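The values are calculated or read from the model by the stated rules, or taken from the named source; none is laboratory data. Keep in mind that this is a model prediction, so the values were computed, not measured. Don't worry about glycine lacking a Cβ; one is built from the backbone with ideal geometry, like all the others, and counts go over all protein chains shown.
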Amino acid sequence: MAAPTVTVDDRPVPEPPRTRRRGWTLVRVGTAASTGVLLYVGAPPRELWWLAPMAFAVLWAVLHGRPVRAGFGYGFAFGLGFFVSLLSWVGELVGPLPWLALATVEALMLALAGAGVALVSRMPAAPVWAAGVWVAAEAVIARVPFGGFPWGRVAFGQPTGIFLPVAAIGGAPLLTATVVLTGFSVGELLRRVVRGYPQLRDRPVWFAVPALLAVAPVVSGVAAAPLVGTTAIDGQAVVALVQGNVPRAGLDFNAQRRAVLDNHVARTMKLAADVAAGRYPRPALVIWPENSSDIDPLRNPDARAVINRAARAIGVPILVGAVLRTDDGHYTNTMIVWDPRTGPGERHDKRRVQPFGEYVPYRDFFRLFSSYVDRASNFVPGSGDGAVDLGPVRVGVATCYEVVFDDLVRQSVRSGAQLLAVPTNNATFGFTEMTYQQQAIARVRAVEHGRTVLVAATSGVSAVIAPDGTVEQHTNLFTPDALVARVPLRSGTTLATRLGPVPEWILVALGMGGVAAALVHSRASTADRRGRVPAKKDVDGGSAGRRRTRW
């Protein structure tokens, strides 16, 4: 049977054999997956921020002009390459199944983005619409399933570099959009150059448009740089972070809960001795990590007594991470303001608890796949505005997982937080990259809201992050330590804080509008082709019946 033909300039050309088409499909799948890995390689702790736009330039070459179904598949391959690499710390201690399941769910969201990008790729100024599509996919990831898991947002891989200042204008969504737009625009420019369009001399705008779209985000990053770290300063305060360390890494680190508490008490007592000896200035407040007292100090008199002893020794309020048992048998992940004179006071209950970590949805079902579900706790979320008064300072609190959610951090700042604290417990994930990825998110938040961010971790890495995203001090993993720093207290707000979710809404609307327009145009073109009466040239195998519409 003869191979079917297509026509080019009215000349019949045989279509490539099916095996060749399949070969090219496999090449594209492999390229998409490798590009996802490239995006991961650029993420912290490596800080190769410039690899991200390169990854999206290559992805554009894979997706451009492809059918929607193919775009879905290539987007899925990209997502697997990225998330399987990025989230490998999930499987470090709980096994491969939960890790691969989470990576697959996240990759499916990027598969939708791939389908959308393929659909809009032939529109005028296509990279702009495509960047909106990508932000829309990230918006979905941030909300579903089970409240979302936006850990792998493009923005969170940009804690340094030329694009970071954009976060002070439009937050993480706009930062993602600038990186993606740059990459897609570079990809489109290179695609046109490689194809060697004859319009280069007669229609230079054909090349100028993607070139301008590639440069515009870079210019916006440079223009936004003077805005970083310029929020109004109320004064300064000396703060201290205590990293007490844990007896051992892994899921069983809290089998010695009293040892974890004693470690933080001992390190605070040493800090108090250093302050008394004049080696450090006296802090106005001290921050302990999440889970620094997994023994409920409101119910256990021994735990209460040793925390009281530490607070009285240092002489200032301590923000203590505790696990509290409710009257109905549930638990809250709570940060308690512990006054050296009056004891426990104001508290922040973690508002968004982590599925499969702090609680297990559909526990009976997921028990079929992993025995880990029986080891997971049963925490309930709290409420509140995400800020507490810690001595003379209003502190916004984003407990561990909370730092990835735009609305929670923004609410803390809008509630008057003069600095942000991220108390966290990363001991479960050992020596993996998880703690550095979380620190990168905190650095983006510092720029986004113009606040100093204090990361206090049980086992590290604890850090003092300036409002411009710079890590000014940090500890090492699994080492008892303390950090003391004089930091600015800020009351002003960035444009990103004031605008809130508006930039994300606009970008999502842009992406969805592009998808809708592409669908309408595609259907109109299909109806037009079906409604035309074939000319004789069409019947004879000419090109009229194969005419392709270009945007």
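Total residues in region 253-303 satisfying the condition of being part of a loop (DSSP other than H, G, I, E, B), more than 27 Å from TYR401 (Cβ to Cβ) and charged (D, E, K, R): the figure is 2. With a requirement of 1 or more residues that are at pLDDT below 95, in contact with a helix residue (DSSP H, G or I) (Cβ under 9 Å, 6 or more places away or on another chain) and more than 30 Å from VAL444 (Cβ to Cβ), the helices (runs of 4 or more DSSP H) lying completely within region 1-106 that satisfy it span 18-41. The set of residues from region 438-462 being over 27 Å from ARG498 (Cβ atoms) and either without any contact (Cβ under 8 Å) to a residue 60 or more places away in the chain or out of contact with any helix residue (DSSP H, G or I) (no Cβ under 7 Å at 6 or more places or on another chain) (or both) comprises ALA456, VAL461, SER462.
Residues in region 53-85 that are surrounded by fewer than 24 Cβ atoms within 10 Å (Cβ to Cβ) and farther than 17 Å from LEU26 by Cβ: MET54, ALA57, HIS64, GLY65, VAL68, VAL84, SER85. When VAL395 is tested against (1) over 15 Å from the mean Cα position of the chain (by Cα); (2) at pLDDT below 95; (3) buried (at least 22 other Cβ atoms within 10 Å of the Cβ), exactly one condition is not met: (2). Based on this model, can you work out whether SER383 counts as more than 20 Å from the chain's Cα centre (by Cα), in contact (Cβ under 8 Å) with a residue 24 or more places away in the chain and not in a strand (DSSP E or B)? Considered against the rule, which asks whether it is more than 20 Å from the chain's Cα centre (by Cα), in contact (Cβ under 8 Å) with a residue 24 or more places away in the chain and not in a strand (DSSP E or B), SER383 comes out as yes. The condition of being among the aliphatic types (A, V, I, L, M), crowded, with 18+ Cβ neighbours inside 10 Å and free of Cβ contacts under 8 Å to residues at least 60 places away in the same chain holds for only one of VAL316, VAL265, that being VAL265.
There is no residue in region 211-226 that is at pLDDT below 90 and surrounded by 13 or more Cβ atoms within 10 Å (Cβ to Cβ). Of the residues in region 422-442, at least one is in a helix (DSSP H, G or I), of a type in the set (Phe, Trp, Tyr) and at pLDDT 95 or above.
Only helices (runs of 4 or more DSSP H) wholly contained in region 491-551 count here; list those with 1 or more residues that are at pLDDT 50 or above, more than 26 Å from GLY132 (Cα to Cα) and more than 44 Å from the chain's Cα centre (by Cα).
Hits in region 491-551: 502-531.
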